[in-house]
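Engineer: Take this structure, written in C-alpha cells, and hold onto it; I'll ask about it next.
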C-alpha cells in the first residue's frame, strides 16, 4: 500500500470503520512507514483529547428547570392513532377482513365468468340467426333478380344511373329527371320464312294487345 | 430496547404519565449536549431538547417497542435540530457563533475562551458535525448513525473521515501546544 492511499484511510482506522482486510493492510503499512505512523498517532491523540474534552465539558439541566419541563410535557395528551387504523392492528379483525375480501373477489370473478359464458351462447345464437337471415335475404334477392331479368318491361338502368338512384333516394323528382323513361310498350315481330311476311304486335305494360 | 424501557412505555401508554421521566432521564444529559454541540448555545439546545421530549411523549404510541428507544429519541433530536438550524437562516448564525460557554483551563488566555471542542466542531458542516457527534461523542455504531440520520453507511463513513481530517487540521492550527502524543 502506498502512503497516499494509507493516509486516505487513516481516519477510518481509528474506529475500525473499515473492513478487516483493509485495516490489516493499513496497519502493515504504518508499521513500516514513519510518516504514516506519526500521522496515525496524531489522529489518535486528537480524537482522544476531543473525547476527553467532551466528557468534561458538559451542560445539564437545573433540577427545577427539569421538573417544570417534565410537568409541562406530561400535562399534554399522547396522540391517539387514527381511529380508522386501530382495528387494523387486531389480528382477528385483519383475518376476517381478508376472508371477506377474498370471498367477494371470488364471487365477483365467478359471476363475471358465468356472464361471459352466457353472453357467448347468446352471441352464437345471434350469429346463427343473422346468417340465416342473410341467407334468406340473398336467396330472395336472387329470385327477384331472376324475375327482373325475365321481366321485359324492366327499365334499362345504367351503372351511373344506379349511383344516382342511390344518392337521390327519397328524392323522386330528381330521379325522374335524370332517369330514362320507363319502357311502356313492347313489340313482337313475326317473320314468315316462306313468304317473308312480317307481323308486328305491340303490347302495353300489362301485355294487353294494342292496335 | 431493554425490558425496563418496554415496561415504562407500556405504563405511560396506559395512563401513568409519571413514568415518562424515568424513561427519558438516562438521555436528558446526552440529548442536551448533542443539541448544544450542534447549535453552540445552551438556550437553543434547551429549546431543541424540550421539543424533542415533547414529541417523544406525544407520539409514544407510534414508537415500535422492538426497536431501540435511544435511537428513536436521538432521531427525533436530530430532526428537531435540523428544523431549528434551517429555520430563518439560523444555520449560518449558529455555525458562525462564538462560543463562550466554557472557560478552558491552563495555557489559554482570555481571548481563547472558546471551547476547544466547539472550535473544532466549527470547522465541520452540519452533516459532518452530526455524524461526528453521534459516532465519536455518543459512541453509536456506523449503522445506528446511518439509521438515525436517514442516510447510508457509506455516507456516514465518508462524512466521518472528512470530519476527523478537518478536526485534526483545526486542532493542529489552533492548539499546537496540545499536540503531544505517545508512541504505542
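Engineer: Want the number for residue A:139 to residue A:35: 0.36 nm per residue separation, take away the alpha-carbon distance, what's left? Kindly include the intermediate steps, with their values, before the conclusion.
Structural biologist: Values: separation 104, 0.36 × 104 = 37.44 nm, distance 10.92 nm.
Computed gain between residue A:139 and residue A:35 is 26.5 nm.
Engineer: Modelled label-to-label distance, residue A:105 and residue B:4, 7 Å Cα→beta-carbon offset: nm?
Structural biologist: The two pseudo-label positions are separated by 4.8 nm.
Engineer: Let me ask something else. Across peptide B:135-147, how many C-beta atoms of other chains are within 10 Å of each residue C-beta, on average? Numbers along the way, then the final one.
Structural biologist: Details: counts 2, 6, 5, 1, 2, 0, 2, 4, 0, 0, 0, 0, 0.
Mean partner-chain Cβ count within 10 Å for B:135-147: 2.
Engineer: Based only on other Cβ atoms within 10 Å, what is the fewest-to-most ordering of A:103, B:153, A:6?
Structural biologist: On the way: A:103 10, B:153 15, A:6 22.
Arranged by neighbour count, lowest to highest, A:103, B:153, A:6 become A:103, B:153, A:6.
Engineer: Given axes a ≥ b ≥ c from the Cα gyration tensor, I'd like to know whether the range A:1-105 is rounded (a/c under 1.5), prolate (a/b larger than b/c) or oblate.
Structural biologist: Numbers: a/c = 7.10, a/b = 1.69, b/c = 4.19.
Oblate is the answer for the range A:1-105, as a/c is 1.5 or above yet b/c matches or exceeds a/b.
Engineer: Peptide A:39-50: average number of partner chain Cβ atoms within 10 Å per residue? Intermediate results must be reported in sequence, preceding the final value.
Structural biologist: Values: counts 1, 2, 4, 6, 5, 4, 7, 12, 6, 1, 9, 11.
Averaged over the peptide's residues, the number is 6.
Engineer: For a footprinting-style exposure proxy, rank B:31, A:186 by other Cβ within 10 Å, fewest first. List each step's numbers first, then the result.
Structural biologist: On the way: B:31 25, A:186 13.
Neighbour counts put them in this order, fewest first: A:186, B:31.
Engineer: Say R0 is 30 Å: what FRET efficiency, to the nearest 0.05, do residue B:66 and residue A:75 get from their beta-carbon distance? Show your work: numbers first, answer last.
Structural biologist: On the way: r = 29 Å, r/R0 = 0.97.
The calculated FRET efficiency here is 0.55.
Engineer: Same structure again: At 7 Å along Cα-to-Cβ for each site, give me the label-to-label distance between residue B:86 and residue A:22 in nm.
Structural biologist: Using points 7 Å along Cα→Cβ, the separation is 3.0 nm.
Engineer: Averaged over B:59-69, how many beta carbons belonging to a partner chain fall within 10 Å of each residue's beta carbon?
Structural biologist: 1
Engineer: Hey, fewest Cβ within 10 Å first, where do B:174, B:130, A:133 land in order?
Structural biologist: Values: B:174 16, B:130 26, A:133 10.
Ascending Cβ contact count within 10 Å gives the list A:133, B:174, B:130.
Engineer: Still on this structure, please answer the following. What's the extension gain from residue A:55 to residue A:206 if we count 0.36 nm per residue and subtract their Cα-Cα distance? Could the numbers behind the result be given before it?
Structural biologist: Working: separation 151, 0.36 × 151 = 54.36 nm, distance 12.97 nm.
Value of the extension gain: 41.4 nm.
Every number in this text was worked out from the coordinates using simple rules, so none of it is lab data. Every value quoted in this text rests on a predicted model; they were computed, and no experiment measured them. All Cβ positions, glycine included, derive from the backbone under ideal geometry; neighbour counts span all protein chains shown.
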